[in-house]
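Written out below as C-alpha coordinates is the structure these notes cover.
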Amino acid sequence: MRLRFAKMHGLGNDFVVIDAVRQSVELTPERVRFLADRHFGVGCDQLLVVEPATQLGVDFRYRIFNADGGEVEQCGNGARCFVRFVHEQGLTDKREIRVETKSGVIAPKLEESGLVTVDMGVPVFEPARVPFVSDSDAVVQPLDVAGETVAITAVSMGNPHAVQVVADVDSAPVASQGPLIEHHARFPARVNAGFMQVVDEHNIRLRVYERGAGETLACGTGACAAVVAGISRELLASPVRVHTRGGELEIAWGGPGQPVRMTGPAVTVFAGEIELA
(Lines give C-alpha, C1' and ligand atoms only; values in the text may rest on other atoms or scores of the structure.)
Protein backbone atom coordinates (compact mmCIF):
# COMPACT_ATOMS: atom_id res chain seq x y z
CA MET A 1 0.00 0.00 0.00
CA ARG A 2 1.39 3.39 -1.04
CA LEU A 3 0.38 6.05 1.48
CA ARG A 4 0.50 9.85 1.27
CA PHE A 5 1.19 11.61 4.59
CA ALA A 6 2.24 14.88 6.18
CA LYS A 7 4.77 15.25 8.97
CA MET A 8 3.63 17.88 11.51
CA HIS A 9 4.36 18.98 15.05
CA GLY A 10 2.91 20.99 17.89
CA LEU A 11 5.79 22.29 20.03
CA GLY A 12 7.96 19.35 19.01
CA ASN A 13 5.27 16.76 19.81
CA ASP A 14 5.40 15.25 16.32
CA PHE A 15 2.89 13.44 14.15
CA VAL A 16 2.41 11.56 10.93
CA VAL A 17 -0.95 12.77 9.61
CA ILE A 18 -2.90 10.70 7.09
CA ASP A 19 -5.84 11.72 4.92
CA ALA A 20 -8.26 8.77 4.96
CA VAL A 21 -10.96 10.84 3.26
CA ARG A 22 -9.40 10.83 -0.23
CA GLN A 23 -7.27 7.70 -0.04
CA SER A 24 -7.88 4.15 1.15
CA VAL A 25 -6.06 3.44 4.40
CA GLU A 26 -5.70 0.09 6.13
CA LEU A 27 -3.79 0.40 9.40
CA THR A 28 -2.58 -2.38 11.67
CA PRO A 29 -0.57 -2.01 14.89
CA GLU A 30 2.46 -3.24 12.97
CA ARG A 31 2.05 -0.58 10.28
CA VAL A 32 1.58 2.13 12.90
CA ARG A 33 4.75 1.06 14.70
CA PHE A 34 6.65 1.04 11.39
CA LEU A 35 5.49 4.56 10.47
CA ALA A 36 6.35 5.83 13.97
CA ASP A 37 9.82 4.28 13.96
CA ARG A 38 12.45 7.03 13.74
CA HIS A 39 15.03 4.77 12.06
CA PHE A 40 13.05 2.61 9.63
CA GLY A 41 9.86 4.65 9.11
CA VAL A 42 8.91 8.34 9.15
CA GLY A 43 9.14 8.85 12.91
CA CYS A 44 6.56 10.35 15.25
CA ASP A 45 5.09 10.33 18.74
CA GLN A 46 1.57 9.73 17.39
CA LEU A 47 -0.11 8.87 14.11
CA LEU A 48 -3.22 10.96 13.30
CA VAL A 49 -5.90 9.85 10.86
CA VAL A 50 -8.48 12.17 9.24
CA GLU A 51 -11.67 10.28 8.39
CA PRO A 52 -15.15 11.28 7.20
CA ALA A 53 -17.59 12.09 10.02
CA THR A 54 -19.84 9.27 11.20
CA GLN A 55 -22.40 11.46 12.99
CA LEU A 56 -24.47 14.55 12.21
CA GLY A 57 -23.25 18.00 13.21
CA VAL A 58 -19.52 17.28 12.93
CA ASP A 59 -17.04 17.78 10.09
CA PHE A 60 -14.53 14.96 10.52
CA ARG A 61 -13.59 11.95 12.59
CA TYR A 62 -10.19 12.08 14.32
CA ARG A 63 -8.32 8.87 15.23
CA ILE A 64 -5.07 8.80 17.22
CA PHE A 65 -2.53 5.99 17.46
CA ASN A 66 0.45 6.07 19.81
CA ALA A 67 3.91 5.03 18.65
CA ASP A 68 3.39 1.59 20.23
CA GLY A 69 0.49 0.91 17.85
CA GLY A 70 -2.34 1.37 20.35
CA GLU A 71 -5.31 3.60 19.57
CA VAL A 72 -6.09 6.28 22.18
CA GLU A 73 -8.89 8.71 22.90
CA GLN A 74 -7.43 12.19 22.64
CA CYS A 75 -4.37 14.29 21.71
CA GLY A 76 -4.38 18.05 22.19
CA ASN A 77 -1.30 19.00 20.17
CA GLY A 78 -2.57 16.68 17.48
CA ALA A 79 -5.95 18.46 17.45
CA ARG A 80 -4.22 21.72 16.56
CA CYS A 81 -2.31 20.00 13.75
CA PHE A 82 -5.55 18.35 12.61
CA VAL A 83 -7.32 21.64 11.82
CA ARG A 84 -4.25 23.05 10.03
CA PHE A 85 -3.93 19.85 8.00
CA VAL A 86 -7.55 19.80 6.76
CA HIS A 87 -7.17 23.48 5.77
CA GLU A 88 -3.87 22.99 3.95
CA GLN A 89 -5.21 19.90 2.18
CA GLY A 90 -8.34 21.71 1.01
CA LEU A 91 -10.67 19.38 2.91
CA THR A 92 -12.52 22.37 4.41
CA ASP A 93 -12.55 26.14 4.28
CA LYS A 94 -14.02 26.50 7.77
CA ARG A 95 -11.72 28.16 10.30
CA GLU A 96 -13.50 26.37 13.16
CA ILE A 97 -14.49 22.74 12.80
CA ARG A 98 -16.20 20.13 14.93
CA VAL A 99 -14.34 16.84 15.17
CA GLU A 100 -15.46 13.55 16.68
CA THR A 101 -12.96 11.58 18.76
CA LYS A 102 -13.21 8.41 20.85
CA SER A 103 -13.83 10.60 23.90
CA GLY A 104 -16.32 13.06 22.39
CA VAL A 105 -16.50 16.09 20.10
CA ILE A 106 -13.82 18.81 20.14
CA ALA A 107 -13.77 22.15 18.30
CA PRO A 108 -10.37 23.36 17.02
CA LYS A 109 -10.22 26.86 15.51
CA LEU A 110 -7.55 28.31 13.23
CA GLU A 111 -6.98 31.86 14.47
CA GLU A 112 -6.07 34.82 12.24
CA SER A 113 -2.71 34.91 14.05
CA GLY A 114 -1.88 31.44 12.76
CA LEU A 115 -2.20 29.90 16.22
CA VAL A 116 -4.87 27.29 16.90
CA THR A 117 -7.37 27.31 19.77
CA VAL A 118 -9.08 24.08 20.78
CA ASP A 119 -12.12 23.67 23.04
CA MET A 120 -10.94 20.51 24.79
CA GLY A 121 -14.18 19.90 26.69
CA VAL A 122 -14.93 19.68 30.39
CA PRO A 123 -12.32 17.91 32.56
CA VAL A 124 -13.41 14.83 34.52
CA PHE A 125 -12.29 14.17 38.10
CA GLU A 126 -14.65 11.31 39.01
CA PRO A 127 -12.24 8.40 39.61
CA ALA A 128 -14.32 5.76 37.83
CA ARG A 129 -14.47 7.89 34.69
CA VAL A 130 -10.73 8.78 34.57
CA PRO A 131 -10.39 5.72 35.15
CA PHE A 132 -8.58 5.63 38.50
CA VAL A 133 -9.11 3.07 41.26
CA SER A 134 -9.98 5.03 44.41
CA ASP A 135 -12.73 5.17 47.04
CA SER A 136 -12.15 8.93 47.40
CA ASP A 137 -12.91 11.85 45.10
CA ALA A 138 -10.30 14.09 46.74
CA VAL A 139 -8.41 16.38 44.35
CA VAL A 140 -5.06 15.26 45.80
CA GLN A 141 -4.53 11.54 46.29
CA PRO A 142 -1.60 9.39 47.43
CA LEU A 143 -0.06 6.98 44.94
CA ASP A 144 2.54 4.39 45.89
CA VAL A 145 5.35 4.36 43.32
CA ALA A 146 8.13 1.86 44.01
CA GLY A 147 7.76 2.28 47.77
CA GLU A 148 7.52 6.09 47.62
CA THR A 149 4.23 7.92 48.20
CA VAL A 150 3.56 10.53 45.51
CA ALA A 151 0.74 13.10 45.73
CA ILE A 152 -1.14 13.15 42.42
CA THR A 153 -4.29 14.63 40.92
CA ALA A 154 -6.09 12.19 38.62
CA VAL A 155 -8.03 13.91 35.84
CA SER A 156 -9.29 13.00 32.39
CA MET A 157 -9.07 15.37 29.43
CA GLY A 158 -10.61 12.71 27.23
CA ASN A 159 -7.58 10.61 28.21
CA PRO A 160 -6.26 9.86 31.72
CA HIS A 161 -3.61 11.96 33.48
CA ALA A 162 -1.83 11.76 36.82
CA VAL A 163 -0.35 15.17 37.69
CA GLN A 164 2.15 15.74 40.47
CA VAL A 165 3.80 18.97 41.62
CA VAL A 166 7.61 18.96 41.66
CA ALA A 167 10.14 21.51 42.84
CA ASP A 168 12.13 21.45 39.60
CA VAL A 169 11.09 19.77 36.34
CA ASP A 170 14.69 19.52 35.16
CA SER A 171 15.59 17.16 38.00
CA ALA A 172 12.16 15.47 38.26
CA PRO A 173 12.26 11.63 38.07
CA VAL A 174 10.40 11.52 34.74
CA ALA A 175 12.42 8.68 33.25
CA SER A 176 12.24 6.46 36.36
CA GLN A 177 8.76 7.25 37.71
CA GLY A 178 7.05 7.88 34.37
CA PRO A 179 6.77 4.27 33.20
CA LEU A 180 5.87 3.07 36.70
CA ILE A 181 2.99 5.55 36.93
CA GLU A 182 1.91 4.84 33.33
CA HIS A 183 1.47 1.14 34.13
CA HIS A 184 0.29 1.54 37.74
CA ALA A 185 -2.39 -0.96 38.76
CA ARG A 186 -4.68 1.86 39.95
CA PHE A 187 -4.92 3.14 36.35
CA PRO A 188 -6.58 0.26 34.49
CA ALA A 189 -6.33 2.01 31.08
CA ARG A 190 -2.76 3.18 31.85
CA VAL A 191 -2.12 6.91 32.31
CA ASN A 192 -0.08 9.93 31.18
CA ALA A 193 2.26 11.03 33.99
CA GLY A 194 2.66 14.80 34.38
CA PHE A 195 5.41 16.55 36.36
CA MET A 196 4.49 20.20 37.02
CA GLN A 197 6.65 22.97 38.49
CA VAL A 198 4.67 26.05 39.58
CA VAL A 199 6.58 29.22 38.67
CA ASP A 200 3.80 31.60 39.69
CA GLU A 201 0.00 31.53 39.51
CA HIS A 202 0.02 32.17 35.76
CA ASN A 203 3.08 30.15 34.71
CA ILE A 204 4.14 26.52 35.03
CA ARG A 205 6.90 24.33 33.62
CA LEU A 206 5.81 20.86 32.56
CA ARG A 207 7.16 17.50 31.47
CA VAL A 208 4.90 14.59 30.54
CA TYR A 209 5.64 10.89 30.19
CA GLU A 210 2.97 9.92 27.69
CA ARG A 211 1.12 6.64 27.66
CA GLY A 212 2.45 4.50 24.81
CA ALA A 213 4.98 7.10 23.64
CA GLY A 214 7.35 7.91 26.50
CA GLU A 215 8.39 11.47 27.32
CA THR A 216 7.50 13.93 24.56
CA LEU A 217 8.63 17.52 24.03
CA ALA A 218 5.08 18.72 24.71
CA CYS A 219 1.67 17.23 25.53
CA GLY A 220 -1.48 19.28 24.87
CA THR A 221 -3.89 17.27 27.01
CA GLY A 222 -1.14 17.04 29.63
CA ALA A 223 -0.89 20.84 29.69
CA CYS A 224 -4.67 21.09 30.11
CA ALA A 225 -4.66 18.47 32.87
CA ALA A 226 -1.80 20.18 34.72
CA VAL A 227 -3.50 23.58 34.67
CA VAL A 228 -6.83 22.11 35.75
CA ALA A 229 -5.09 20.26 38.58
CA GLY A 230 -3.20 23.39 39.64
CA ILE A 231 -6.31 25.58 39.65
CA SER A 232 -8.25 22.93 41.56
CA ARG A 233 -5.44 22.83 44.14
CA GLU A 234 -5.55 26.67 44.37
CA LEU A 235 -1.98 26.92 43.09
CA LEU A 236 -2.85 28.60 39.78
CA ALA A 237 -5.25 31.14 38.30
CA SER A 238 -6.53 31.17 34.70
CA PRO A 239 -5.12 31.79 32.15
CA VAL A 240 -1.88 29.87 32.57
CA ARG A 241 1.18 29.84 30.34
CA VAL A 242 2.57 26.29 30.13
CA HIS A 243 6.29 26.12 29.35
CA THR A 244 7.28 22.76 27.86
CA ARG A 245 10.57 21.61 26.41
CA GLY A 246 9.13 22.20 22.94
CA GLY A 247 7.60 25.65 23.54
CA GLU A 248 4.63 27.38 25.14
CA LEU A 249 0.87 26.85 25.33
CA GLU A 250 -1.79 29.05 26.89
CA ILE A 251 -4.52 27.24 28.82
CA ALA A 252 -7.71 28.87 30.09
CA TRP A 253 -10.26 27.23 32.40
CA GLY A 254 -13.23 28.85 34.13
CA GLY A 255 -13.63 26.19 36.82
CA PRO A 256 -15.80 23.11 37.47
CA GLY A 257 -18.28 22.34 34.71
CA GLN A 258 -16.48 24.65 32.24
CA PRO A 259 -14.50 23.55 29.16
CA VAL A 260 -10.75 23.96 28.89
CA ARG A 261 -9.41 26.09 26.02
CA MET A 262 -5.91 25.53 24.70
CA THR A 263 -4.05 27.87 22.31
CA GLY A 264 -0.76 27.15 20.59
CA PRO A 265 1.04 26.59 17.28
CA ALA A 266 0.74 23.81 14.70
CA VAL A 267 3.43 23.36 12.06
CA THR A 268 3.71 21.32 8.85
CA VAL A 269 7.26 20.03 8.35
CA PHE A 270 6.99 18.15 5.05
CA ALA A 271 4.73 15.90 2.98
CA GLY A 272 5.61 12.61 1.30
CA GLU A 273 4.65 9.09 0.27
CA ILE A 274 5.72 5.80 1.77
CA GLU A 275 5.28 2.16 0.77
CA LEU A 276 3.71 -0.07 3.40
CA ALA A 277 3.95 -3.87 3.36
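The values are calculated or read from the model by the stated rules, or taken from the named source; none is laboratory data. None of the values given here were measured: they were computed from a predicted structure. Virtual Cβ from ideal backbone geometry, glycine too; neighbours counted across all protein chains shown. Surface areas here come from the heavy atoms of the whole protein model, side chains and all, with no ligands, DNA or RNA. Shrake-Rupley method; radii C 1.70, N 1.55, O 1.52, S 1.80 Å.
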Remind me, relative contact order of region 106-218 in percent, using alpha carbon pairs under 8 angstrom and six or more residues apart? 18 percent
Region 167-268 accessible area per residue, 1.4 Å probe, protein heavy atoms, integer Å², reads 38 Å²
With θ set to phi - 60°, apply the Karplus curve 6.51 cos²θ - 1.76 cosθ + 1.60 along region 260-276 and write out the HN-Hα couplings as whole Hz, x wherever there is a Gly or Pro. 9, 10, 10, 10, x, x, 9, 10, 8, 8, 6, 10, x, 10, 9, 8, 10
Expressed in angstrom, Rg and Dmax over the Cα atoms of the chain are 17.8, 54
Debye, to nearest 20: dipole size of the chain, +1 on Lys, Arg Cβ, -1 on Asp, Glu Cβ: 460 debye
Loop-only check: which GluC sites (Glu not before Pro) in region 182-272 are DSSP coil with at most 12 other Cβ within 10 angstrom? Glu234
Descending principal axes extents, region 192-236, alpha-carbon based, whole Å: 31, 16, 13
Once the in-chain neighbours fewer than 8 apart are removed, the aspartates and glutamates whose Cα is under 19 Å from Lys102 read Asp19, Glu26, Asp45, Glu51, Asp59, Asp68, Glu71, Glu73, Asp119, Glu126, Glu210
Using a 1.4 Å probe on the protein heavy atoms, what percent of the accessible area of region 40-104 belongs to carbon and sulfur? 44 percent
Signed unit charges on C-beta, dipole axis of the chain, positive-most listed residue Val50, Val163, Val267: Val50
At 25 °C in a medium of viscosity 0.890 mPa s, region 132-198 has a Stokes-Einstein diffusion coefficient, with Rh taken as the Kirkwood radius over alpha carbon pairs, in µm² per second, of 203 µm²/s
Quick check: convex hull of the Cα atoms in region 50-199, volume per residue, rounded to a whole Å³? 146 Å³
Whole-percent carbon and sulfur contribution to the accessible surface of region 218-277 (1.4 Å, no ligands, DNA or RNA) stands at 51 percent
A correct Kirkwood calculation over the Cα atoms of region 146-277 returns a hydrodynamic radius in Å of 15.3 Å
Heavy-atom accessible area per residue - region 1-64, 1.4 Å, Å²: 45 Å²
